[in-house]
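The values are calculated or read from the model by the stated rules, or taken from the named source; none is laboratory data. Note that this is a predicted model, so its numbers are computed, not measured. Cβ: placed from backbone, ideal geometry, glycine included. Neighbour counts: every protein chain shown. These area figures cover heavy atoms from the full protein model, side chains too; ligands, DNA and RNA do not enter into them. Shrake-Rupley method; radii C 1.70, N 1.55, O 1.52, S 1.80 Å.
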Amino acid sequence: MSVLKVTNLTKNFGGIKAVTDVNLNIEMGEIIGLIGPNGAGKTTLFNLLTGIYVPTSGQIEYNLNTKVKTKDLKPHKMVHYGVSRTFQNIRLFKDMSVLDNVLLGFHSLLFKRSISRKDSFDEAYELLKKFNLLNKKDELAKNLPYGDQRRLEIARALASKPMILLLDEPAAGMNPKETKELKDLIFWIRNEYHLTIILIEHDMSLVMNICERIFVFDYGNLVASGTPKEIQNNKRVITAYLGEE
Ligand code: ATP
(Lines give C-alpha, C1' and ligand atoms only; values in the text may rest on other atoms or scores of the structure.)
Protein backbone atom coordinates (compact mmCIF):
# COMPACT_ATOMS: atom_id res chain seq x y z
CA MET A 1 0.00 0.00 0.00
CA SER A 2 1.35 3.41 -0.97
CA VAL A 3 1.76 5.79 1.98
CA LEU A 4 3.43 8.66 0.14
CA LYS A 5 3.15 9.77 -3.43
CA VAL A 6 5.12 12.70 -4.80
CA THR A 7 4.23 13.93 -8.28
CA ASN A 8 6.26 16.33 -10.41
CA LEU A 9 7.52 18.10 -7.30
CA THR A 10 9.59 21.23 -7.92
CA LYS A 11 11.06 23.83 -5.58
CA ASN A 12 12.99 26.83 -6.80
CA PHE A 13 14.67 29.45 -4.63
CA GLY A 14 14.95 32.36 -7.03
CA GLY A 15 17.25 31.02 -9.71
CA ILE A 16 18.28 27.94 -7.70
CA LYS A 17 16.50 24.76 -8.71
CA ALA A 18 16.67 22.84 -5.42
CA VAL A 19 14.18 20.08 -6.38
CA THR A 20 13.12 19.52 -9.98
CA ASP A 21 10.19 17.46 -11.20
CA VAL A 22 10.60 14.65 -8.67
CA ASN A 23 8.28 11.62 -8.64
CA LEU A 24 8.29 9.09 -5.78
CA ASN A 25 6.00 6.37 -4.56
CA ILE A 26 6.73 4.89 -1.15
CA GLU A 27 5.06 1.83 0.30
CA MET A 28 4.09 1.11 3.88
CA GLY A 29 6.89 -0.43 5.95
CA GLU A 30 9.74 0.36 3.58
CA ILE A 31 13.11 1.67 4.69
CA ILE A 32 14.07 4.19 2.04
CA GLY A 33 17.40 5.97 1.60
CA LEU A 34 17.83 9.37 -0.03
CA ILE A 35 21.39 9.93 -1.13
CA GLY A 36 23.29 12.41 -3.27
CA PRO A 37 26.12 14.93 -3.06
CA ASN A 38 25.91 18.06 -0.91
CA GLY A 39 23.30 20.48 -2.22
CA ALA A 40 21.46 17.77 -4.17
CA GLY A 41 18.10 18.78 -2.69
CA LYS A 42 17.53 16.03 -0.09
CA THR A 43 16.81 18.27 2.90
CA THR A 44 14.70 20.54 0.71
CA LEU A 45 12.61 17.48 -0.14
CA PHE A 46 12.15 16.74 3.59
CA ASN A 47 11.17 20.37 4.12
CA LEU A 48 8.60 20.08 1.34
CA LEU A 49 7.28 16.80 2.76
CA THR A 50 6.79 18.40 6.18
CA GLY A 51 5.22 21.67 5.06
CA ILE A 52 8.20 23.85 5.92
CA TYR A 53 8.47 24.84 2.26
CA VAL A 54 5.58 25.29 -0.15
CA PRO A 55 6.30 23.63 -3.51
CA THR A 56 6.83 25.80 -6.56
CA SER A 57 4.77 23.16 -8.37
CA GLY A 58 3.76 19.53 -8.06
CA GLN A 59 1.88 17.45 -5.49
CA ILE A 60 2.53 15.54 -2.29
CA GLU A 61 -0.05 13.05 -1.08
CA TYR A 62 0.08 10.98 2.10
CA ASN A 63 -2.21 8.02 2.48
CA LEU A 64 -2.23 7.59 6.27
CA ASN A 65 -5.21 7.46 8.62
CA THR A 66 -6.67 10.10 6.35
CA LYS A 67 -5.50 11.35 3.00
CA VAL A 68 -3.28 14.41 3.35
CA LYS A 69 -2.68 16.62 0.33
CA THR A 70 -0.19 19.35 -0.48
CA LYS A 71 -2.42 22.17 0.70
CA ASP A 72 -2.87 20.46 4.11
CA LEU A 73 0.86 20.33 4.85
CA LYS A 74 1.82 22.57 7.78
CA PRO A 75 4.84 21.89 10.02
CA HIS A 76 2.81 21.90 13.26
CA LYS A 77 0.21 19.52 11.84
CA MET A 78 2.56 16.80 10.57
CA VAL A 79 2.79 14.98 13.87
CA HIS A 80 -1.01 14.78 14.05
CA TYR A 81 -1.08 13.27 10.56
CA GLY A 82 1.46 10.64 11.64
CA VAL A 83 4.64 12.08 10.16
CA SER A 84 7.59 12.75 12.45
CA ARG A 85 11.14 13.86 11.66
CA THR A 86 14.60 14.62 12.95
CA PHE A 87 16.88 17.38 11.69
CA GLN A 88 20.35 17.58 10.18
CA ASN A 89 21.25 20.08 12.91
CA ILE A 90 19.88 18.39 16.00
CA ARG A 91 16.88 20.24 17.44
CA LEU A 92 16.40 19.34 21.07
CA PHE A 93 15.13 21.39 23.99
CA LYS A 94 18.70 21.68 25.17
CA ASP A 95 18.02 23.15 28.60
CA MET A 96 15.49 20.47 29.45
CA SER A 97 16.20 17.00 30.76
CA VAL A 98 16.50 13.95 28.55
CA LEU A 99 13.26 12.57 30.02
CA ASP A 100 11.36 15.84 29.44
CA ASN A 101 12.49 15.90 25.82
CA VAL A 102 10.93 12.50 25.24
CA LEU A 103 7.80 13.38 27.23
CA LEU A 104 7.27 16.39 24.96
CA GLY A 105 7.14 13.97 22.06
CA PHE A 106 3.88 12.61 23.47
CA HIS A 107 2.07 15.97 23.31
CA SER A 108 0.06 15.12 20.18
CA LEU A 109 -1.22 11.87 21.74
CA LEU A 110 -1.99 13.61 25.05
CA PHE A 111 -3.81 16.34 23.13
CA LYS A 112 -5.95 13.72 21.36
CA ARG A 113 -6.36 11.92 24.70
CA SER A 114 -5.19 8.73 23.06
CA ILE A 115 -2.69 8.18 25.86
CA SER A 116 -2.90 8.91 29.59
CA ARG A 117 -0.22 10.95 31.34
CA LYS A 118 0.83 7.90 33.34
CA ASP A 119 1.17 5.76 30.21
CA SER A 120 3.19 8.50 28.51
CA PHE A 121 5.66 8.34 31.43
CA ASP A 122 5.81 4.55 31.25
CA GLU A 123 6.37 4.61 27.51
CA ALA A 124 8.98 7.37 27.79
CA TYR A 125 10.92 5.20 30.24
CA GLU A 126 10.65 2.22 27.87
CA LEU A 127 11.92 4.32 24.97
CA LEU A 128 14.84 5.66 26.99
CA LYS A 129 15.70 2.13 28.05
CA LYS A 130 15.66 0.90 24.48
CA PHE A 131 17.75 3.87 23.36
CA ASN A 132 20.30 3.33 26.12
CA LEU A 133 19.52 6.69 27.68
CA LEU A 134 17.66 5.73 30.84
CA ASN A 135 20.66 6.24 33.11
CA LYS A 136 20.95 9.78 31.70
CA LYS A 137 17.28 10.69 31.99
CA ASP A 138 17.89 13.60 34.40
CA GLU A 139 20.79 15.13 32.49
CA LEU A 140 20.23 18.22 30.41
CA ALA A 141 20.00 17.38 26.74
CA LYS A 142 22.77 19.84 25.92
CA ASN A 143 25.23 17.93 28.12
CA LEU A 144 24.85 14.63 26.26
CA PRO A 145 27.53 13.45 23.84
CA TYR A 146 26.62 14.02 20.21
CA GLY A 147 25.63 10.42 19.43
CA ASP A 148 23.30 10.36 22.44
CA GLN A 149 21.68 13.62 21.31
CA ARG A 150 20.98 12.10 17.90
CA ARG A 151 19.40 9.04 19.51
CA LEU A 152 17.37 11.21 21.87
CA GLU A 153 15.98 13.15 18.91
CA ILE A 154 14.86 9.88 17.31
CA ALA A 155 13.31 8.70 20.59
CA ARG A 156 11.34 11.95 20.83
CA ALA A 157 10.21 11.62 17.21
CA LEU A 158 8.97 8.10 17.94
CA ALA A 159 6.98 9.11 21.00
CA SER A 160 4.17 10.42 18.80
CA LYS A 161 3.87 6.92 17.23
CA PRO A 162 4.35 8.12 13.66
CA MET A 163 3.48 6.09 10.59
CA ILE A 164 6.29 7.76 8.67
CA LEU A 165 9.61 8.67 10.27
CA LEU A 166 11.94 11.01 8.39
CA LEU A 167 15.55 10.93 9.58
CA ASP A 168 17.92 13.61 8.31
CA GLU A 169 21.49 12.26 8.53
CA PRO A 170 20.98 10.19 11.68
CA ALA A 171 24.56 8.89 11.63
CA ALA A 172 26.23 12.29 11.18
CA GLY A 173 28.90 12.76 13.83
CA MET A 174 28.57 9.21 15.15
CA ASN A 175 31.57 6.93 15.62
CA PRO A 176 31.58 3.45 14.00
CA LYS A 177 30.30 1.76 17.17
CA GLU A 178 27.42 4.22 17.48
CA THR A 179 26.62 3.83 13.77
CA LYS A 180 26.43 0.06 14.16
CA GLU A 181 24.07 0.49 17.14
CA LEU A 182 22.01 2.95 15.10
CA LYS A 183 21.65 0.36 12.35
CA ASP A 184 20.23 -2.19 14.81
CA LEU A 185 18.00 0.50 16.32
CA ILE A 186 16.52 1.45 12.95
CA PHE A 187 15.65 -2.19 12.20
CA TRP A 188 14.14 -2.51 15.67
CA ILE A 189 12.06 0.66 15.16
CA ARG A 190 10.65 -0.60 11.88
CA ASN A 191 9.79 -4.00 13.26
CA GLU A 192 8.38 -2.71 16.53
CA TYR A 193 6.37 0.19 15.13
CA HIS A 194 5.62 -1.17 11.63
CA LEU A 195 6.30 2.23 10.19
CA THR A 196 7.90 3.60 7.06
CA ILE A 197 11.35 5.12 7.46
CA ILE A 198 12.89 7.56 5.00
CA LEU A 199 16.43 8.57 5.75
CA ILE A 200 18.93 10.98 4.28
CA GLU A 201 22.41 9.70 4.88
CA HIS A 202 25.97 10.17 3.67
CA ASP A 203 27.27 7.00 5.35
CA MET A 204 27.05 4.67 2.36
CA SER A 205 27.70 1.50 4.27
CA LEU A 206 24.75 2.27 6.58
CA VAL A 207 22.48 3.13 3.64
CA MET A 208 23.45 0.02 1.69
CA ASN A 209 22.94 -2.16 4.77
CA ILE A 210 19.55 -1.00 5.92
CA CYS A 211 17.65 0.46 2.99
CA GLU A 212 15.42 -1.63 0.78
CA ARG A 213 15.22 1.06 -1.87
CA ILE A 214 17.42 4.04 -2.53
CA PHE A 215 16.69 7.26 -4.39
CA VAL A 216 19.67 9.18 -5.72
CA PHE A 217 19.56 12.95 -6.17
CA ASP A 218 21.90 15.21 -8.06
CA TYR A 219 21.38 18.96 -8.56
CA GLY A 220 17.74 18.60 -7.52
CA ASN A 221 16.98 15.79 -9.95
CA LEU A 222 16.11 12.23 -9.05
CA VAL A 223 18.74 10.49 -11.17
CA ALA A 224 18.33 6.86 -10.08
CA SER A 225 16.32 4.57 -7.85
CA GLY A 226 16.54 0.92 -6.98
CA THR A 227 17.80 -1.67 -4.54
CA PRO A 228 21.21 -1.11 -2.92
CA LYS A 229 22.73 -3.57 -5.40
CA GLU A 230 21.21 -1.81 -8.40
CA ILE A 231 22.38 1.56 -7.12
CA GLN A 232 25.93 0.39 -6.50
CA ASN A 233 26.22 -0.70 -10.12
CA ASN A 234 24.46 2.32 -11.63
CA LYS A 235 26.73 4.39 -13.91
CA ARG A 236 24.70 7.59 -13.41
CA VAL A 237 25.18 7.28 -9.65
CA ILE A 238 28.90 6.71 -9.92
CA THR A 239 29.12 9.83 -12.13
CA ALA A 240 27.08 11.91 -9.66
CA TYR A 241 29.48 11.01 -6.88
CA LEU A 242 32.79 10.86 -8.68
CA GLY A 243 32.18 13.28 -11.58
CA GLU A 244 32.72 12.68 -15.29
CA GLU A 245 36.06 11.14 -16.29
P1 ATP B 1 23.42 18.26 2.14
O2 ATP B 1 23.71 16.84 1.89
O3 ATP B 1 24.64 19.13 2.12
O4 ATP B 1 22.57 18.50 3.34
P5 ATP B 1 21.06 18.52 0.44
O6 ATP B 1 21.03 17.47 -0.61
O7 ATP B 1 20.23 18.32 1.64
O8 ATP B 1 22.57 18.80 0.86
P9 ATP B 1 19.65 21.01 0.17
O10 ATP B 1 20.05 21.51 1.54
O11 ATP B 1 18.27 20.55 -0.01
O12 ATP B 1 20.66 19.88 -0.29
O13 ATP B 1 19.98 22.18 -0.86
C14 ATP B 1 19.65 22.11 -2.25
C15 ATP B 1 19.92 23.45 -2.88
O16 ATP B 1 18.93 24.39 -2.47
C17 ATP B 1 21.28 24.05 -2.50
O18 ATP B 1 21.80 24.73 -3.62
C19 ATP B 1 20.90 25.01 -1.39
O20 ATP B 1 21.84 26.07 -1.31
C21 ATP B 1 19.54 25.50 -1.85
N22 ATP B 1 18.67 25.92 -0.75
C23 ATP B 1 18.16 25.11 0.22
N24 ATP B 1 17.37 25.82 1.06
C25 ATP B 1 17.40 27.11 0.61
C26 ATP B 1 16.78 28.32 1.04
N27 ATP B 1 15.99 28.36 2.11
N28 ATP B 1 17.05 29.46 0.32
C29 ATP B 1 17.84 29.41 -0.76
N30 ATP B 1 18.44 28.30 -1.24
C31 ATP B 1 18.23 27.16 -0.55
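Some points to look at:
- Options 166, 90, 188, ranked by Cα towards positive dipole end of the range 43-198, top entry (Cβ charges): 166
- Summing +1 for each Lys or Arg and -1 for each Asp or Glu among the other residues whose beta-carbon sits under 13 angstrom from that of residue 195 gives 0.
- The label-point distance for residue 107 and residue 65, in a model that sets each label 7 Å from Cα toward Cβ, rounds to 1.8 nm.
- For the range 62-156, the carbon plus sulfur part of the accessible surface works out to 52%, probe radius 1.4 Å.
- Note on the range 144-245: antiparallel DSSP beta bridges, both residues inside, total approximately 50 percent of the bridges counted.
- Bridge orientation summary for the chain: considering DSSP beta bridges with both residues in this region, about 60 percent are antiparallel.
- FRET efficiency estimate (nearest 0.05) - Cβ-Cβ, residue 21 to residue 191, R0 41 angstrom: 0.75
- Of the peptides 153-160, 128-135, the ranking by mean beta-carbon count within 10 Å, highest at the top, reads 153-160, 128-135.
- For the range 31-166, the gyration tensor built on C-alpha atoms gives an oblate shape. Its axis ratio a/c (a ≥ b ≥ c) is at least 1.5, and a/b is not larger than b/c.
- One Cα centroid belongs to the range 34-48, the other to the range 117-194; the line between them spans 23 Å.
- Estimated FRET transfer efficiency (residue 130, residue 2; beta-carbon r; R0 30 Å; 0.05): 0.55
- Cα gyration tensor, the range 118-245 - rounded (a/c under 1.5), prolate or oblate: prolate
- 20 Å Cα-Cα threshold exceeded, pairs from 129/161; 11/235; 142/183; 11/69; 77/161; 136/161: 11/235; 142/183; 136/161
- Entry comment: accessible area of the chain is 49 Å² per residue, from protein heavy atoms only and a probe of 1.4 Å.
- Computed lengthening from residue 212 to residue 229, 0.36 nm per intervening residue step minus Cα-Cα distance: 5.1 nm
- Using only the C-alpha atoms, the convex hull of the chain corresponds to 128 Å³ per residue.
- Overall form of the range 39-113 per C-alpha gyration tensor (a/c, 1.5; a/b vs b/c): oblate
- Based on C-alpha pairs under 8 angstrom that are at least 6 apart in sequence, the chain has a relative contact order of 27 percent.
- FRET efficiency, 1/(1 + (r/R0)^6) with R0 25 Å, evaluated for residue 181 and residue 97 via beta carbons: 0.65
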